[in-house]
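Peer 1: Here's a structure for you.
The values are calculated or read from the model by the stated rules, or taken from the named source; none is laboratory data. Values in this document were obtained by computation on a predicted structure and should not be read as measured data. Quick reminder, even Gly has a Cβ in these numbers, built from the backbone with ideal geometry, and neighbours come from all protein chains shown.
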Amino acid sequence: MPESQSLTVFFPAHNEEANIGKLVEATHATLKGRVEDFEILVINDGSTDGTKAVLENLANKYPEVRPIHHETNQGYGGAVQTGFKSATKDLVFFSDGDGQFDITEIHKFLDAIPGRDAVLGYRVNRKDPFHRKLFAKCWGLLIRFLFGIKLRDLDCAFKLFRRERIESITFETKGAMITTELLAKLTQRPQFDYVEIGVTHLPRLAGEQSGGSPKVVLRAFRELFRMYGRLKNYRPDIP
């Protein structure tokens, strides 16, 4: 990665007191010495545990760490939107705050981004319960059928973008469909250049998953049906 390129890393986090500290520490250690100018944002999405206190301690320890606190839970899509809007560097990377990815593999993404608009991860061996993997498979097939997005792992939360490409996107969703909206709009742009890279997926060691709950799944389908016509007929104003 050219030294002139700066990097924002952000993590949405909801009740990740047991995970987020280790993740931020590992991220800082990984980037220090590799990227001259970087920031680490954590979007604390209305957590009711000790996540906020952990983040404030990290911010006092590392000047590159900047917590952003939602007073009320805005959902995964809302946290992702805040992350993109708050990013200030040339490149923007995001992953989940649950520690289910090996953050050291960001090196492969930084090596691959020159000359491209995005580097998109896919989980080589997904370490999630069967029902989540089944839903993800069905969801991916549906999205491919409806929108023609032919990615190996649409919702893999290990992605790197050029910020200038994201800045022109107007988001309309706040739930689990945020990644579908983002990639549907980006891939309809002429000459959008990306590469997919396999990444390691790890079991969740602490905390509870919410992404596969019936409430989240129903919200995702409601957003899908509401957004289908607009996304299918989306025409980017900026090439």
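Peer 1: Here is a check on your reading of the model: is Lys85 outside any loop (DSSP other than H, G, I, E, B), without any contact (Cβ under 8 Å) to a residue 12 or more places away in the chain and closer than 17 Å to Leu160 by Cα?
Peer 2: yes
Peer 1: When the residues of the range 220-239 are filtered to those that are modelled with pLDDT under 75 and among the charged types (D, E, K, R), which remaining residue is farthest from Ile178 (Cα to Cα)?
Peer 2: Among them, the one singled out is Asp237.
Peer 1: Turning to a different aspect of this structure: Kindly indicate the residue of the range 1-58 that is in contact with a strand residue (DSSP E or B) (Cβ under 6 Å, 6 or more places away or on another chain) and acidic (Asp, Glu) and also farthest from Arg116 (Cα to Cα) among those meeting that condition.
Peer 2: Asp45
Peer 1: Consider Ala184 carefully, then state whether it is of a type in the set (Gly, Ala, Ser) and part of a loop (DSSP other than H, G, I, E, B).
Peer 2: Judged against the criteria, Ala184 is not a match.
Peer 1: Give me a count of the residues in the range 153-181 that are in a helix (DSSP H, G or I) and within 19 Å of Arg219 (Cβ to Cβ).
Peer 2: Within the range 153-181, residues that are in a helix (DSSP H, G or I) and within 19 Å of Arg219 (Cβ to Cβ) number 4.
Peer 1: Which ones in the range 167-178 are of a type in the set (Val, Ile, Thr) and surrounded by 22 or more Cβ atoms within 10 Å (Cβ to Cβ)?
Peer 2: Within the range 167-178, Thr173, Ile178 qualify.
Peer 1: Please count how many residues of the range 104-152 are under 30 Å from Gly33 (Cα atoms) and assigned to a helix (DSSP H, G or I).
Peer 2: Residues meeting the conditions: 9.
Peer 1: For the range 99-158, give me each residue that is under 15 Å from the mean Cα position of the chain (by Cα) and of a type in the set (Ser, Thr, Tyr).
Peer 2: Tyr122
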